[in-house]
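Peer 1: There's a structure below that I have some questions on.
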Amino acid sequence: MTTKPRIVVLSAPSGGGKTTIARAVRERNPDRFGFSVSATTRKPRAGEREGVDYHFLPRSRFLEAVGASEFLEYAEYGGELYGTLKREVEKVQQSGQHVLLDIEVDGARQVRHQYPPPGSISIFILPSDPQVLLARLQSRKSESIEQIRWRIDRAEYELQQSTLFDRWVRNDDLETAVAEVVAIAEDTSGRSRDRKDFEWITSYGRGLQAAAQRLYDDKQKG
């Protein structure tokens, strides 16, 4: 480890690719990055294992842990609670590794409050083309237009929150995105975003809104 261990936060809209990138970062750098296993109230998906992918908790137990200040951060997403347990973060830090968190934007804000830079670094992830993100947001064919609209509205909110993040990564090529996340995690120069980044995000938001409106119009015609 060439730099002092820090908390590396990855956030993205649904379909942005943060979970895939987080997994790849750990697999390619197992000695430098440790994963904090989050807790959630949602049911396990196929192939997910307790204590490996998540700690799956009943809602009552999750809220009890909130009351006992067991979480570094927690947030509600899609009707389910998600949170980062302090004991999991401490376990990784004690091993001398960076703590890699794959969490929502509201949780990222809580982490930044408790671990301001350089103790933490927050990275927002997006595919370069808003059309690609929109396609991923509606990839679940069984979803109703109301469900798709909720996901798009949420993505627009997350884009607004992205201005609070330290760095942005374009997720067009997995290997490139992984290398950039690793470089950001170990860069202690304090380098942040520039004007072109802000212009890109502003344009991105407009593009997503326009693409979403075309989708809604097509759904109504159909």
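Peer 1: For segment 95-128, give me each residue that is open to solvent by 40 Å² or more (accessible area, probe 1.4 Å) and not in a helix (DSSP H, G or I).
Peer 2: Correct list: SER95, TYR115, PRO116, PRO117, PRO118.
Peer 1: Quick one: GLU88 ticks every box in (1) open to solvent by 60 Å² or more (accessible area, probe 1.4 Å); (2) outside any strand (DSSP E or B) bar one, so which box is it?
Peer 2: Result: GLU88 fails condition (1) only.
Peer 1: Residue check, GLY205 against (1) small (Gly, Ala, Ser); (2) within 25 Å of TYR82 (Cβ to Cβ); (3) in contact with a Lys or Arg (Cβ under 6 Å, 6 or more places away or on another chain), all met but one. Which one?
Peer 2: Just one mismatch for GLY205, condition (3).
Peer 1: Does ASP197 satisfy the condition of being touching a strand residue (DSSP E or B) at 6+ places or on another chain (Cβ under 7 Å), free of Cβ contacts under 8 Å to residues at least 60 places away in the same chain and either in a helix (DSSP H, G or I) or over 24 Å from ARG151 (Cα atoms) (or both)?
Peer 2: When the stated conditions are applied, ASP197 passes them.
Peer 1: Residues in segment 16-43 that are within 21 Å of PRO58 (Cβ to Cβ) and not in a loop (DSSP other than H, G, I, E, B): how many?
Peer 2: Going through segment 16-43 one residue at a time, the tally reaches 2.
Peer 1: Something else about it: Residue under question is ALA179, and the condition is that it be without any contact (Cβ under 8 Å) to a residue 12 or more places away in the chain and of a type in the set (A, V, I, L, M, F, W, C); does it hold?
Peer 2: Here the answer is yes, as ALA179 does meet what is asked.
Peer 1: Follow-up. Can you tell me which residue in segment 160-198 is most open to solvent (accessible area, probe 1.4 Å), limited to those that are on the phi < 0 side of the Ramachandran plot and small (Gly, Ala, Ser)?
Peer 2: Across segment 160-198, the extreme among qualifying residues is SER189.
Peer 1: Continuing with this model, one more query. If the requirement is being surrounded by fewer than 16 Cβ atoms within 10 Å (Cβ to Cβ), within 30 Å of ASP173 (Cα to Cα) and touching a residue at least 60 places away in the same chain (Cβ under 8 Å), which of these qualifies: ARG32, ARG28?
Peer 2: ARG28
Peer 1: If I ask for residues that are surrounded by fewer than 10 Cβ atoms within 10 Å (Cβ to Cβ) and part of a helix (DSSP H, G or I), which ones from segment 44-78 would you list?
Peer 2: Listed by number, the residues that qualify are SER60, GLY67.
The values are calculated or read from the model by the stated rules, or taken from the named source; none is laboratory data. On a predicted model such as this, the values are computed, not experimentally measured, just so you know. Positions of Cβ are backbone-derived with ideal geometry, glycine not excepted, and every protein chain shown enters the neighbour counts. What goes into the accessible areas is simple: the full protein's heavy atoms, side chains included, and nothing from ligands, DNA or RNA. Shrake-Rupley method; radii C 1.70, N 1.55, O 1.52, S 1.80 Å.
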